[in-house]
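> Have a look at this one.
The values are calculated or read from the model by the stated rules, or taken from the named source; none is laboratory data. Since the model is a prediction, treat every value here as computed from it, not as a measurement. Methodologically, a virtual Cβ is constructed for each residue, glycine included, from the backbone with ideal geometry; neighbour enumeration extends over all protein chains shown.
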Amino acid sequence: MGEGFEWKERTVRETGVELTADGAEALSAMEIIAEVVRGASGAEICLTSSFQMEDMVVLHMLRQHLPQVPVIFLETGYHFAELISYRDRMVEEWGLNLVNALPVTTLEEHERAFGLLHVVEPGRCCAIRKVEPLMRSLEPFTWWFTGLRREQSPTRAGLKKIEDHRLPSGTMMKKVSVLADWGWERVETYARAHEIPRLELYDRGYTSIGCEPCTAIPEAGADARSGRWGGKKLECGIHTFSEKA
Ligand code: SF4
């Protein structure tokens, strides 16, 4: 943490939620959500969503308590047309409180300045079009819900259901991944049981869906995220930029 940043640590008790990180491991997804919602104010809670099935399952659960929970979407400008159309359909059907987190530069300005940065330097492209807009968008919140799961990739194997994270600004967040211990089949079963519309890209073989130029269909049996960035990396940075406390 650099000089000049204000330390804004909040303990679990200060947030009003009587739930420890260890205690959360034994609870179900709905139990964790109920505990957080009971103790925290709705204004402290947000969900980041790429509109993949895990995110829709968490959103479906959260909306039962907080229909207007802010849904932060990283609008990089490089998404599949099918994904954007699915996002817009769900915003309309579910009346979502969508927060489009935009980079400082338009796609046109970005490509004029850097060319195809996602080809030559994907880490920098993600830093500009995903990580920086996310950092700005998270600042007002304390409870950051995600659809992350341990089995998605080796980089997520140690994921806890509730983790303390420090943003580069010094702001402390409670990062909550209620599906951490879920397998893909369970995600699909929940989505089917609750009639959550399915993004058509799954039926074409995609198992993890991000920006179109950096997403491919993985080989059979490979990790869900192995089709991202041509296998050169597994994370874009939005789940690694914050420091786990
Ligand atoms: S996923 Fe690809 S296109 Fe999207 S921000 Fe990262 S490098 Fe750029």
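> Looking at (1) outside any loop (DSSP other than H, G, I, E, B); (2) within 15 Å of the ligand (Cβ to nearest atom), which is the one condition that is false for Arg192?
If we test Arg192 against (1) outside any loop (DSSP other than H, G, I, E, B); (2) within 15 Å of the ligand (Cβ to nearest atom), just (2) comes out false.
> Find the residue count for the stretch 81-134, including only residues that are under 17 Å from the mean Cα position of the chain (by Cα), outside any helix (DSSP H, G or I) and within 11 Å of the ligand (Cβ to nearest atom). Please lay out each step first, then the result.
Looking only at the stretch 81-134, we keep the residues that are under 17 Å from the mean Cα position of the chain (by Cα), and these are 83-84, 86-87, 90-91, 96-103, 126-134.
Still in the list and also outside any helix (DSSP H, G or I): 96-103.
Next, only the ones that are within 11 Å of the ligand (Cβ to nearest atom) stay: 103.
Count: 1.
> If I filter the stretch 172-189 down to residues being charged (D, E, K, R) and part of a strand (DSSP E or B), which single residue comes out as surrounded by the most Cβ atoms within 10 Å (Cβ to Cβ)? Lay out the reasoning, then the answer.
Pass one, the stretch 172-189, residues charged (D, E, K, R): 174-175, 181, 185-186, 188.
Next cut, part of a strand (DSSP E or B) only: 174-175.
Numbers: Lys174: 24, Lys175: 21.
Per the stated criteria, the residue is Lys174.
> Does Tyr78 satisfy being among the aromatic types (Phe, Trp, Tyr), surrounded by 12 or more Cβ atoms within 10 Å (Cβ to Cβ), away from the ligand (no atom under 14 Å from the Cβ) and on the phi < 0 side of the Ramachandran plot?
When the stated conditions are applied, Tyr78 does not pass them.
> Any residue that is part of a strand (DSSP E or B) and either in contact with a His (Cβ under 9 Å, 6 or more places away or on another chain) or surrounded by 17 or more Cβ atoms within 10 Å (Cβ to Cβ) (or both) - is there at least one of those in the stretch 154-162? I'd like the intermediate steps shown before the answer.
So the first thing to find is which residues in the stretch 154-162 are part of a strand (DSSP E or B), and the list is 162.
Filter again for either in contact with a His (Cβ under 9 Å, 6 or more places away or on another chain) or surrounded by 17 or more Cβ atoms within 10 Å (Cβ to Cβ) (or both), leaving 162.
Yes; the residues of the stretch 154-162 include at least one that is part of a strand (DSSP E or B) and either in contact with a His (Cβ under 9 Å, 6 or more places away or on another chain) or surrounded by 17 or more Cβ atoms within 10 Å (Cβ to Cβ) (or both).
> Restricting to the stretch 35-67, name every residue that is in contact with a Leu (Cβ under 8 Å, 6 or more places away or on another chain), within 15 Å of Ile162 (Cβ to Cβ) and free of Cβ contacts under 8 Å to residues at least 40 places away in the same chain.
Within the stretch 35-67, Glu35, Val37, Gly39 meet the criteria.
> If Tyr202 passes every condition in (1) surrounded by fewer than 20 Cβ atoms within 10 Å (Cβ to Cβ); (2) under 19 Å from the mean Cα position of the chain (by Cα); (3) under 30 Å from Thr20 (Cβ atoms) but one, which one does it miss?
Among (1) surrounded by fewer than 20 Cβ atoms within 10 Å (Cβ to Cβ); (2) under 19 Å from the mean Cα position of the chain (by Cα); (3) under 30 Å from Thr20 (Cβ atoms), Tyr202 violates only (3).
> Among the residues of the stretch 138-145, is any modelled with pLDDT of 95 or more, hydrophobic (A, V, I, L, M, F, W, C) and within 14 Å of the ligand (Cβ to nearest atom)?
The answer is no, given that none of the residues of the stretch 138-145 is modelled with pLDDT of 95 or more, hydrophobic (A, V, I, L, M, F, W, C) and within 14 Å of the ligand (Cβ to nearest atom).
> Let me ask something else about it. Give all pairs with beta carbons closer than 7 Å in which a residue from the stretch 160-182 that is acidic (Asp, Glu) meets a residue that is outside any strand (DSSP E or B); count only pairs at least 6 apart in sequence or on separate chains.
Every condition considered, the pairs that remain are Glu163/Ala21; Asp164/Ala245; Asp181/Arg150.
> Quick one: count up the residues across the stretch 81-111 that are basic (Lys, Arg) and surrounded by fewer than 16 Cβ atoms within 10 Å (Cβ to Cβ).
Within the stretch 81-111, the subset basic (Lys, Arg) is 87, 89.
Now drop any that are not surrounded by fewer than 16 Cβ atoms within 10 Å (Cβ to Cβ), which leaves 89.
Number of matching residues: 1.
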